[in-house]
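A short write-up of the structure that comes next.
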Amino acid sequence: VHGHATQWRKRLMRIIIRNGRIIDPINGLDETGDLYIAEGKIVAVGTAPSNFTADKEIDASNQIVCPGLIDLSARLREPGLEHKADIASETAAAATAGITTLCCPPDTNPVVDTPAVARLIRDRAAQAGYARVVPLGALTQKLEGETLSEMAALRDSGCVGVSNIYPIKNTRFQRRAMEYASTHNFTVFLNPLDAWLAEGGCAHEGIVATRLGLPGIPAAAETAAVARDLALVEQIGVRAHFCRLSTSRAVRMVARAQYDGLPVTADVCAHQLFFTEMDIGEFDNNYHVIPPLRSQGDREGLRKGVQQNVLEAICSDHQPHEPDAKQA
């Protein structure tokens with residue numbers, strides 16, 4: 001009760017944010033000035049409204065003032081892995097960086113395949129009070145790719161989309177799952193990876209992996225999955241979002257699909273825009289990510305995809321680990 005009362009008082013405050021670089025992407029605004037907030041809403045930009053008396057002033061010189069950012073992929077480790085992190089700790093970290101909405105993938109423990117787990121995540125985020133958390137529901141029960149989840153119940157419990165995280169090996173079953181998601185007006189979040197081509201791999205199949213003797217994940221493991229999923233999207237008409245693309249070829253495939261009018265979008269991880277397979281160095285496990293860091297050509301293709309708005313979002317793919325797990 002005390003926490004909710006504190007949040008309510010904050011919403012009633014009148015605030016001036018001074019001298020910030022104000023960016024409003026919807027209205028095309030990018031200028032330095034003052035922002036006026038009353039009762040939790042922006043009431044003016046630049047010139048103060050009449051009879052406005054501030055309860056608090058914030059100096060935002062050399063800072064950006066913009067709508068809260070949205071991260072499309074952030075593991076919060078709750079429920080199931082609270083020894084790594086929890087919803088309160090990760091939403092606090094997100095808010096510190098200006099991220100006010102987090103999309104939580106369904107691979108928690110237990111999986112987000114029931115309304116109870118979805119509500120738990122949302123309630124814990126509301127209790128913490130730092131950022132809004134919207135869960136993705138599981139496309140299949142326990143993410144096992146064998147039985148459809150109760151998507152109507154997941155939608156009613158606040159899930160904003162469905163995802164399976166792990167590849168569904170049976171293409172016919174994936175088609176049925178996507179058709180069922182379409183009937184509930186869900187966006188299907190796809191993690192394109194061919195399970196057979198990627199099996200056992202831990203680095204991009206290229207010169208670095210060969211030199212280090214590491215099993216590789218070829219670019220075709222991603223592009224083959226993208227091709228299959230695009231064929232299903234074209235057949236079904238379901239809205240699809242490709243998560244965390246890592247190859248320039250996949251970006252071109254999605255761009256072509258968008259040009260052809262298919263209802264598809266895509267994102268990329270922030271680290272894929274900066275690092276490549278060369279950063280693995282001599283087995284530096286801090287650069288062990290899935291999908292793997294790929295070639296310099298792939299990195300440039302991803303950057304071009306962002307510039308051309310083919311990749312419409314940059315996400316963190318945040319997955320907190322304790323130090324022992326990182327060292328292993």
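The values are calculated or read from the model by the stated rules, or taken from the named source; none is laboratory data. Nothing here was measured: the structure is a model prediction, and the numbers come from that model. Glycine also receives a Cβ, built like all others from the backbone with ideal geometry; neighbour counts cover every protein chain displayed. Areas reflect the complete protein model, heavy atoms only, side chains present, ligands, DNA and RNA absent. Shrake-Rupley method; radii C 1.70, N 1.55, O 1.52, S 1.80 Å.
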* **Leading residue by the ranking (farthest from the chain's Cα centre (by Cα)) among those in segment 272-290 that are at pLDDT 95 or above and surrounded by 16 or more Cβ atoms within 10 Å (Cβ to Cβ)** => GLU277
* Would you mind finding the one in ALA181, ALA203, ALA195 that is open to solvent by 20 Å² or more (accessible area, probe 1.4 Å) and over 19 Å from the mean Cα position of the chain (by Cα)? => ALA195
* Of the residues that sit in segment 305-328 and are assigned to a helix (DSSP H, G or I) and touching a residue at least 24 places away in the same chain (Cβ under 8 Å), which one is most open to solvent (accessible area, probe 1.4 Å)? -> GLN327
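Does ARG132 qualify as being open to solvent by less than 60 Å² (accessible area, probe 1.4 Å), among the basic types (Lys, Arg), within 23 Å of HIS241 (Cα to Cα) and in contact (Cβ under 8 Å) with a residue 24 or more places away in the chain?
Values: open to solvent by less than 60 Å² (accessible area, probe 1.4 Å): no; among the basic types (Lys, Arg): yes; within 23 Å of HIS241 (Cα to Cα): yes; in contact (Cβ under 8 Å) with a residue 24 or more places away in the chain: yes.
Against the criterion (open to solvent by less than 60 Å² (accessible area, probe 1.4 Å), among the basic types (Lys, Arg), within 23 Å of HIS241 (Cα to Cα) and in contact (Cβ under 8 Å) with a residue 24 or more places away in the chain), ARG132 does not qualify.
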* Structure fact -> Filter segment 234-248 for residues that are open to solvent by less than 20 Å² (accessible area, probe 1.4 Å) and farther than 16 Å from ILE165 by Cα; the one that is nearest to the chain's Cα centre (by Cα) is THR247
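On the basis of being at pLDDT 95 or above, touching a Pro at 6+ places or on another chain (Cβ under 6 Å), over 18 Å from HIS204 (Cβ atoms) and not hydrophobic (A, V, I, L, M, F, W, C), does ARG239 make the cut?
yes
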* Any chance segment 77-92 includes a residue that's open to solvent by less than 60 Å² (accessible area, probe 1.4 Å), under 27 Å from THR147 (Cβ atoms), part of a helix (DSSP H, G or I) and small (Gly, Ala, Ser)? -> no
* Please find, among ALA220, ALA231, the residue that is surrounded by fewer than 22 Cβ atoms within 10 Å (Cβ to Cβ) and over 29 Å from MET151 (Cβ atoms). => ALA220
* Quickly run through segment 106-129 and pick out the residues that are within 18 Å of PRO167 (Cβ to Cβ) and either open to solvent by 10 Å² or more (accessible area, probe 1.4 Å) or outside any loop (DSSP other than H, G, I, E, B) (or both). => ASP107, VAL111, ASP113
* strands (runs of 3 or more DSSP E) wholly inside segment 182-298 that include at least 1 residues being charged (D, E, K, R) -> 264-269
* To do: May I ask you to list pairs of residues, at least six apart or on different chains, whose Cβ atoms are under 7 Å apart, with the first in segment 215-232 being closer than 13 Å to ALA257 by Cβ and modelled with pLDDT of 95 or more and the second being open to solvent by 20 Å² or more (accessible area, probe 1.4 Å) and outside any loop (DSSP other than H, G, I, E, B)?
  => THR223/ARG249; THR223/MET253; VAL226/MET253; ALA227/MET253; ARG228/THR171; LEU230/MET253; LEU232/ARG175
